[in-house]
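Notes follow the structure.
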Amino acid sequence: MTKTSLEVQNVTKRFSSHTAVNDVSFSLAAGERVALLGHNGAGKTTLFKMVLGFLNRDGGDISVLESQPGSQEARSNTAYLPESVAFPAALTGREVLSYYARLKGEKPKDVMHLLDRVGLADAAKRRVGTYSKGMRQRLGLAQALIGHPRLVLLDEPTTGLDPISRQNVYELIGEIADQGATVLLSSHALTELEARTDRILILSKGNLVADDQLSNLRAQAGLPIRLKIWTRPGAAEEVADQLGNIDRSRMNGRSVELDCGMDEKVRTLSAISALGHLVEDVDVHAPSLDDVYKYFSQAAQEEAQQ
Ligand SMILES: Nc1ncnc2c1ncn2[C@@H]1O[C@H](COP(=O)(O)OP(=O)(O)OP(=O)(O)O)[C@@H](O)[C@H]1O
Ligand SMILES: [Mg+2]
């Protein structure tokens, strides 16, 4: 049986009359990489804070590595990268890491390799005040990884990072998960998560509206595949006529766009290829995570209005 790292059961949090997290339940197994998605104010950070024991819940239960949130057992095995990391500007990267190592009961010399792991080895002796935003974020990540945590909570870990640094962060997350830790990260950067998480949780106005693998969420949403056909110059009309049922507002002199269901994909592509010399190229766009996210958020809002 797979070990459960985090169990959240019917958890609710209210701030006066506002319900920030509403009856949310999910559980995460060891080694899973899970993304928590949601609009601004959806309740992501609030959920993290309850898991960490920083905030009390108004209802439900949370078990972190089979212990209470905030307990010694939970704290010593959980890592956290907060939404906005701030370190004393006068300290160097090494000094910051040494400080956190002592807080976590680790020897400073045993954690210095983490600076290298997040690409900060060259800047280790520089004051944090001179670091760029991305460098501070990476120092935050190094800090979070001290002491081989079994549950890693990252609140928007790639915000402010350039594309290469983002890729490095996901590589690091992959390594941590491969070593058996569970990683739960929140993000707004949907597209980059596509190939890098095992599972997606979507929060909308405090409600958990989806919890599955992206491929299953895609199938549940039943969103169409978009095909863009690049035609020979001036042949768009003829292509549209031959394919029939084309939305004329989605064509111009050189291209024709159409949507088709997953089950019609092969048939539609063969119809396009039968047009021979009229067609120069075809782009196939599967629904993106953004589309899937929009679908589940809207569906939840429509249900709430009924
Ligand atoms: N300490 C607090 N007191 C009152 N309301 C709060 C408090 N913390 C959060 N909230 C409210 O709870 C809701 C959820 O906030 P939360 O910070 O969890 O959202 P989030 O999903 O992390 O958003 P973002 O993507 O902007 O970080 C918001 O409406 C927020 O205003
Ligand atoms: Mg937040």
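Just so you know, all these numbers are worked out from the coordinates, no wet-lab data involved. Bear in mind that the values here come from a model prediction, so they are computed numbers and not experimental data. When we count neighbours, we look across all protein chains shown, and the Cβ atoms used for this are built from the backbone with ideal geometry, even at glycine.
Apply the a/c threshold of 1.5 to the C-alpha gyration tensor of region 224-285 and tell me whether it is rounded, prolate or oblate. Don't jump to the answer; show the numbers that get you there.
Details: a/c = 1.69, a/b = 1.36, b/c = 1.24.
The shape class here is prolate.
Ranked highest first by average number of other Cβ atoms within 10 Å, how do 200-212, 90-102, 281-293 line up? Write out the running numbers ahead of the final one.
Numbers: 200-212: 21.5, 90-102: 18.2, 281-293: 16.1.
For the peptides 200-212, 90-102, 281-293, the packing ranking is 200-212, 90-102, 281-293.
When a footprinting reagent is the concern and you count Cβ atoms within 10 Å, what order do Ser249, Ser63 take, fewest first? Please list the in-between numbers first.
Details: Ser249 6, Ser63 17.
Arranged by neighbour count, lowest to highest, Ser249, Ser63 become Ser249, Ser63.
Using a simple charge model, +1 on the beta-carbon of Lys and Arg, -1 on the beta-carbon of Asp and Glu, nothing else, what dipole does region 96-185 show about its Cα centre, in debye to the nearest 20? Don't skip to the end; give the middle numbers.
Working: 13 positive and 10 negative charges, 100 e Å.
Roughly 480 debye, rounded to the nearest 20.
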Mind checking the full-extension length gain between Arg14 and His113? Use 0.36 nm per residue of separation minus the Cα-Cα distance, one decimal, nm. 31.5 nm
In the chain, if the dipole is taken from +1 on Lys/Arg beta carbons and -1 on Asp/Glu beta carbons about the Cα centre, which of Leu81, Ala123, Thr46 is farthest to the positive end? Ala123
Subtract the Cα-Cα distance of Leu275 and Asp290 from 0.36 nm times their separation in residues, and report this length gain in nm to one decimal. 2.2 nm
